[in-house]
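For reference, the structure is listed below as structure tokens.
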Amino acid sequence: MSGNEITETRQYLTFKLGNEVFGIDVAKVREVLDFTTITEIPRTPDFMSGVINLRGSVVPVVDLRLCFQMSKTVRTRNTCIVVVEVLLEGEATVIGALADSVEEVIDLEPDQIQPAPKIGTQIRTDFIKGMGKREAQFIMILDIDRVFSAEELSAVRNAEGTGTLAEATA
């Protein structure tokens, strides 16, 4: 599992992108929000949907489907924003991630998680901590700190710091 051995029972927030189920360690999840107005920021990468005002803080929102080379998220009544905390150059950064729907919080034992496959998935496997198995369903457990490249997170951080954000979210 490339240094990300899962050795204890953990809780994961599960969510869907298309027909695929993903999981994130609940320790990385700040909150789940209903879809809200996202202010688009010019000259940002395609995967960056824009920013939201979260209790006075500017939070960048990314479209995980685009990060995983899927089609752009289409808003439905189940679309939500999963607010997570990721590490960028050793510093905590709060990011919102669009999800088609949030499923549930589950417990997975280490023996329910297998190493990520080396080929055959739609995303690069260095972002996957492992493949959880629950009944007949596979859950791709994401290493949310590695989902975004350093360049992508830098683009997000730059978007956070632009002067137009304060005006856009005021």
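The values are calculated or read from the model by the stated rules, or taken from the named source; none is laboratory data. Quantities reported herein were computed from a predicted structural model and do not represent experimental measurements. In this analysis, Cβ positions are derived from the backbone assuming ideal geometry, glycine residues included, and neighbour counts consider all displayed protein chains.
Data for the structure
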read-out: Test: R65 is over 17 Å from the mean Cα position of the chain (by Cα), within 16 Å of N19 (Cα to Cα), at pLDDT below 95 and surrounded by 15 or more Cβ atoms within 10 Å (Cβ to Cβ); value: no
read-out: Yes/no for V51 being farther than 15 Å from I95 by Cβ, aliphatic (A, V, I, L, M) and under 18 Å from the mean Cα position of the chain (by Cα); value: no
read-out: In the stretch 90-104, the residues that are surrounded by 12 or more Cβ atoms within 10 Å (Cβ to Cβ) and either farther than 17 Å from I141 by Cβ or aromatic (F, W, Y) (or both); value: T93, V94, I95, G96, L98, D100, S101
read-out: So Q137, is it at pLDDT below 95, farther than 29 Å from I38 by Cα and of a type outside the set (K, R); value: yes
read-out: Cβ-Cβ under 8 Å pairs, at least 6 apart or on other chains, the stretch 30-59 side without any contact (Cβ under 8 Å) to a residue 12 or more places away in the chain and under 13 Å from V83 (Cα atoms), far side among the aliphatic types (A, V, I, L, M) and assigned to a loop (DSSP other than H, G, I, E, B); value: none
read-out: Test result for K16, under 12 Å from the mean Cα position of the chain (by Cα) and closer than 12 Å to A99 by Cβ; value: yes
read-out: Looking only at the stretch 22-48, and only at residues there that are within 19 Å of M70 (Cα to Cα) and at pLDDT below 95, the one that is surrounded by the fewest Cβ atoms within 10 Å (Cβ to Cβ); value: D46
read-out: Criterion (aliphatic (A, V, I, L, M), in contact with a Leu (Cβ under 9 Å, 6 or more places away or on another chain) and farther than 21 Å from T14 by Cβ) met by exactly one of V58, V62, V83; value: V58
read-out: Total residues in the stretch 78-87, condition surrounded by fewer than 16 Cβ atoms within 10 Å (Cβ to Cβ) and at pLDDT below 95; value: 2
read-out: Which listed residue, of L66, L33, is aliphatic (A, V, I, L, M) and not in a strand (DSSP E or B); value: L66
read-out: Number of the exception - D107 against (1) surrounded by fewer than 18 Cβ atoms within 10 Å (Cβ to Cβ); (2) over 21 Å from M131 (Cα atoms); value: (2)
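Condition check ((1) on the phi > 0 side of the Ramachandran plot; (2) touching a strand residue (DSSP E or B) at 6+ places or on another chain (Cβ under 8 Å); (3) charged (D, E, K, R)) across all residues:
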residue	(1), (2), (3)
G18	yes, no, no
K28	no, yes, yes
P42	no, no, no
I52	no, yes, no
C67	no, no, no
L88	no, no, no
